[in-house]
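Below is one structure, written out as structure tokens; comments come after it.
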Amino acid sequence: MVQIYSVWHTNAVVRRTVISAVLVYVAIVIPVLRPVEACVATLTCAVGTTPFGVFDPAPGSVVEDGTYVTVFCNPATHVADNSVLVARCSNGQLTSTSNCLPCPDDSWVYDATTNRCFKGVAAIANYNGPCDSATPCIGIGLSYDVPGGLAYTSNLPALIEAGKIAVLSAVSPNNQYAVGISDSSSQSIYKLLDGTPVSLTDLNPLFVSGQPDDTPANAQTNMVVRSGPSSVIGFDDMGCSKSFGAICQLQLTA
């Protein structure tokens, strides 16, 4: 009887051991085999500005991948077909179908060195007060919502190019267009309106033939763009005249 009990007891212990092993397997192995749901990140794009325009929704907004936003050119810029542009958020990048172009239209000359637009405008006849070359440019930036005024830049050929368009189009009856260059402080020491020195090495080749011709008294302190001999368009030092048109500028703020 003792031996029979021992065999039965031994078998019971084995059964309990097997059941425990199965429970451990279920508790440990099965969770490892349970499928895990994939976590997919949603791509988004941050809405900002273009070089010469702005997106809608407002800059700083976040849009999901695959969505579209509208692009509006800034008031002082343009797009060739005058259409509203559309940009798409794709793979985390917001790319417009085309770009807003600098300057209000193609009659302006763009100076990338200063982010300005230049254009010749007509003289303002018979205004009150002393002669001021900048008078034709007063208020030039108001309709474009950017700063404006008499044009100046160290990129002298850009001023010549704007003057050439104005001269050939006879924008102003006198057909001479003042720019923001002067030697008012000292004879032949030219400076821009902001005080930046103008290199004579760069300036002298751009005078029309026979210029500059100022006297030692330095009476001709204003600079204009005009047509010279053989219809070559370039600079000339002149005394101020209310008959002058002007090369005006828009300071793009984008």
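If region 174-254 were replaced by its equivalent ellipsoid, with semi-axes equal to the square roots of 5 times the Cα gyration tensor eigenvalues, what would those be, largest first, whole Å?
19, 17, 13
Run through region 88-122 and list the trypsin sites (Lys or Arg not before Pro) located in a DSSP loop whose Cβ has at most 13 other Cβ atoms within 10 Å.
Values: sites: ARG88, ARG116, LYS119; in loops: none.
Within region 88-122, no trypsin sites (Lys or Arg not before Pro) qualify (loop, at most 13 other Cβ atoms within 10 Å).
Please list, by residue number, everything in region 192-207 whose backbone N is under 19 Å from a paramagnetic label point 7 Å out along Cα→Cβ of VAL121.
Answer for this model: 193-194.
Could you give the Stokes-Einstein D for region 44-96 in µm² per second, using the C-alpha Kirkwood radius, 25 °C, 0.890 mPa s?
Details: Rh = 11.1 Å.
Once the numbers are plugged in, D ends up at 222 µm²/s.
Set the Förster radius R0 to 51 Å, insert the Cβ-Cβ distance between VAL232 and ALA58 as r into 1/(1 + (r/R0)^6), and round the FRET efficiency to 0.05.
The value I calculate is 0.55.
So what are region 98-254's ellipsoid semi-axes, whole angstrom, largest first, if each one is the square root of 5 times an eigenvalue of the alpha-carbon gyration tensor?
Semi-axes, largest first: 24, 17, 16 Å.
Using a cut-off of 14 Å between beta-carbons, work out the net charge of the residues near ASN218 (Lys and Arg +1, Asp and Glu -1, ASN218 not included).
Around ASN218, the surrounding residues sum to -3.
For region 245-250, just list the computed ³J(HN,Hα) in residue order, Karplus coefficients 6.51, -1.76 and 1.60, θ = phi - 60°, integers in Hz, with x standing in for Gly and Pro.
x, 8, 8, 9, 10, 10
Excluding THR153 itself, calculate the net charge of residues whose Cβ lies under 12 Å from the Cβ of THR153, where each Lys or Arg counts +1 and each Asp or Glu counts -1.
Working: positive: ARG116; negative: ASP111, GLU161, ASP194, ASP202.
Its environment carries a net charge of -3.
Measuring from label point to label point, each 7 Å out along Cα→Cβ, what is the ASP214 to SER143 span in nm?
Calculated label separation equals 3.4 nm.
Going Cα to Cα from LYS164, which aspartates and glutamates come in below 19 Å? Please leave out same-chain ones fewer than 8 positions away.
Result set, ordered by chain and number: ASP105, ASP106, ASP111, ASP202, ASP236, ASP237.
What is the sum of charges, Lys and Arg at +1 and Asp and Glu at -1, for the other residues whose Cβ falls under 11 Å from the Cβ of TRP108?
Cβ neighbours under 11 Å give a net charge of -2.
Each reported figure results from applying straightforward, stated rules to the coordinates on display, with no laboratory input. Keep in mind the model is a prediction, meaning the values are calculated, not measured. Cβ sites come from the backbone with ideal geometry, for glycine too, and all protein chains shown count toward neighbours.
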